[in-house]
Amino acid sequence: MLQRTSSVNRINIDTISFSSVFEIGDSCFIKGFSRAIAAQREVEYFNAKEGNFSVYPVFREPIPIIPIEEDISMQTAQLNPIIKVHNIDIVGVSSSSVIHIGNSGDISMEARVKHIRQVYPKNSNSQG
């Protein structure tokens with residue numbers, strides 16, 4: 001892992017929610033994971049079975065990780081290994097996101113969302 005020093009004069013974050021992290025300092029491993037079911041309907045209706053993530057294949061399917069097979073040649077020179085930032089303004093951090101100031105080793109982030117939209121045809125007078 002490249003070693004650099006991070007210097008931030010001021011950081012302002014309005015909102016951090018839903019398992020998000022604000023970390024200052026070095027880390028070896030960061031793993032963010034989020035799953036959500038977003039249901040929108042014209043008529044209010046609650047289906048208790050929708051809260052079960054295992055019902056939907058999107059939450060069970062493996063994520064294919066394609067190996068990098070091409071040769072990568074890289075040379076770096078850190079003449080001044082300091083990252084200096086005067087001001088950071090962040091409106092919001094949500095759903096297992098990470099704000100990290102420092103060095104990182106391995107990072108793995110995953111978010112899965114099932115969107116359900118139920119609208120009635122324009123010629124339908126049905127209310128549920």
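The values are calculated or read from the model by the stated rules, or taken from the named source; none is laboratory data. Please read all numbers here as calculations on a predicted model, not as lab measurements. All Cβ positions, even for glycine, are placed from backbone atoms using ideal geometry, and neighbour counts span all protein chains on display. With ligands, DNA and RNA removed, areas are computed over all heavy atoms of the protein, side chains included. Shrake-Rupley method; radii C 1.70, N 1.55, O 1.52, S 1.80 Å.
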Which is the longest run of the chain containing none of the chymotrypsin sites (Phe, Trp or Tyr not before Pro) found in DSSP loop states (not H, G, I, E, B) with at most 15 other C-beta atoms within 10 Å?
-> 47-128
Rounded, prolate or oblate: pick one for the chain, where a ≥ b ≥ c are the square roots of the eigenvalues of its C-alpha gyration tensor, a/c under 1.5 means rounded, and failing that, prolate if a/b is larger than b/c, else oblate.
-> prolate
Modelled FRET efficiency - R0 35 Å, SER54 with ILE83, Cβ distances, 0.05 increments = 0.25
For segment 1-69, listing GluC sites (Glu not before Pro) in a DSSP loop whose Cβ sees at most 10 other Cβ atoms within 10 Å gives GLU44, GLU69
Obtain the nm distance between the two label points defined at GLU44 and MET109 by a simple spin-label model: each point lies 7 Å from its Cα along the Cα-to-C-beta direction.
-> 3.6 nm
Straight distance only, please: which lysines reach the Cα of LYS31 with their own Cα at less than 22 Å, same-chain residues fewer than 8 apart left out?
-> LYS114
On the accessible surface of the chain, probed at 1.4 Å with all protein chains in place, carbon and sulfur together account for a percent value of 52 percent
So what is the accessible area of the chain per residue, in Å², with the probe set to 1.4 Å?
-> 82 Å²
Overall form of segment 1-75 per C-alpha gyration tensor (a/c, 1.5; a/b vs b/c) = oblate
Point-charge dipole on Cβ atoms (K/R +1, D/E -1) for the chain, about Cα centre, debye to 20 = 460 debye
